[in-house]
Amino acid sequence: MFKHALLIALAALLTACAGGPRPEDRAGREPAMALEDILTGRTYAYAVFERAGVLDRMFWVEAVGRWDGEALTLEEYFLYDDGVTDERIWTFDRTSPTTYVGAAPDVIGEANVEVFGDAAYFDYVVDLVMADGSTVEVQFQDRLYRVSQNTIINRATVKKFGLVVGQVTVVFQKDRPSDWPDIPGAPTR
């Protein structure tokens, strides 16, 4: 009898795990995620990179987005806590009301973006430049959540050979924080 009850409990647990949240569950949630809406103009982001659950690096991102009616060009300027700077220029072509295809010079292939309500999901591979000048391919799994009209929280899992090497958390906001640093390369206001 005990064995039978244990099997039923285990089956219920596995069923509950398999029925967890899915991206589609966000459909209809507000405020609606539209990349061209929240990322047009200037946005400011605080970010952290964690390895093994420990803060490894902090950085700031200043982004300038332009929407031409079909594509969003997003210029991102990075300043890391060790003084290193970088930039990435994305182009996101809107392919339907809820999908985009993204490309950037250091992205291998394309990033297929799917939007469900207040969230956007996309995976892509980056040819990441290391401190010594070498490059390594890593996969990013980005999850963007629009938590207010002017704020997006981005969680990205970074993988190499299918293994998680770190997590990135980024908070984008439209209003420039009073303590915002000057980021070299970012266009002046």
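The values are calculated or read from the model by the stated rules, or taken from the named source; none is laboratory data. Since the model is a prediction, treat every value here as computed from it, not as a measurement. So basically every Cβ, Gly included, is an ideal-geometry build from the backbone, and we count neighbours across all protein chains shown.
Using the structure shown, decide if residue 106 is without any contact (Cβ under 8 Å) to a residue 40 or more places away in the chain and farther than 26 Å from residue 164 by Cβ. Here the answer is no, as residue 106 does not meet what is asked. Is it the case that some residue within the range 97-106 is modelled with pLDDT of 95 or more, of a type in the set (Gly, Ala, Ser) and touching a Pro at 6+ places or on another chain (Cβ under 8 Å)? There is no residue in the range 97-106 that is modelled with pLDDT of 95 or more, of a type in the set (Gly, Ala, Ser) and touching a Pro at 6+ places or on another chain (Cβ under 8 Å). Taken over the range 37-57, the criterion of being over 15 Å from the mean Cα position of the chain (by Cα) and under 22 Å from residue 150 (Cβ atoms) is satisfied by 37, 40, 41, 42. Mind checking which residues of the range 64-86 are without any contact (Cβ under 8 Å) to a residue 60 or more places away in the chain and among the hydrophobic types (A, V, I, L, M, F, W, C)? 67, 71, 72, 74, 84 - these are the residues of the range 64-86 that are without any contact (Cβ under 8 Å) to a residue 60 or more places away in the chain and among the hydrophobic types (A, V, I, L, M, F, W, C). The C-beta contact set for the range 149-162 (first residue touching a residue at least 40 places away in the same chain (Cβ under 8 Å), second residue surrounded by 15 or more Cβ atoms within 10 Å (Cβ to Cβ) and part of a loop (DSSP other than H, G, I, E, B), distance under 7 angstrom, 6+ apart or interchain) comprises 149/31; 150/174. Within the range 150-179, being surrounded by 13 or more Cβ atoms within 10 Å (Cβ to Cβ) and either over 18 Å from the mean Cα position of the chain (by Cα) or polar (S, T, N, Q) (or both) holds for 150, 151, 154, 157, 167, 169, 173. If I ask for residues that are within 24 Å of residue 174 (Cα to Cα) and among the hydroxyl-bearing types (Ser, Thr, Tyr), which ones from the range 98-150 would you list? The answer is 98, 99, 100, 121, 145, 148. Among the residues of the range 173-189, are any hydrophobic (A, V, I, L, M, F, W, C), out of contact with any helix residue (DSSP H, G or I) (no Cβ under 6 Å at 6 or more places or on another chain) and not in a loop (DSSP other than H, G, I, E, B)? No, every residue in the range 173-189 fails to be hydrophobic (A, V, I, L, M, F, W, C), out of contact with any helix residue (DSSP H, G or I) (no Cβ under 6 Å at 6 or more places or on another chain) and not in a loop (DSSP other than H, G, I, E, B). Would you check if residue 127 is without any contact (Cβ under 8 Å) to a residue 40 or more places away in the chain and farther than 20 Å from residue 33 by Cα? Criteria met by residue 127.
Cβ-Cβ distances below 7 Å connect the following pairs, each with a first residue in the range 21-45 that is basic (Lys, Arg), a second residue that is outside any strand (DSSP E or B), and a separation of six or more residues or different chains: 26/117; 26/118; 29/117; 29/118. Does the range 60-67 contain at least one residue that is under 25 Å from residue 164 (Cβ atoms), at pLDDT below 95 and not charged (D, E, K, R)? Checked the range 60-67: no residue is under 25 Å from residue 164 (Cβ atoms), at pLDDT below 95 and not charged (D, E, K, R).
In the set 64, 48, which member is part of a strand (DSSP E or B), in contact with a Lys or Arg (Cβ under 6 Å, 6 or more places away or on another chain) and within 16 Å of residue 172 (Cα to Cα)? Going through 64, 48 in turn, the sole match is 64. Within the range 27-39, being of a type outside the set (Lys, Arg), part of a loop (DSSP other than H, G, I, E, B) and surrounded by fewer than 19 Cβ atoms within 10 Å (Cβ to Cβ) holds for 27, 28, 30, 31, 32, 34.
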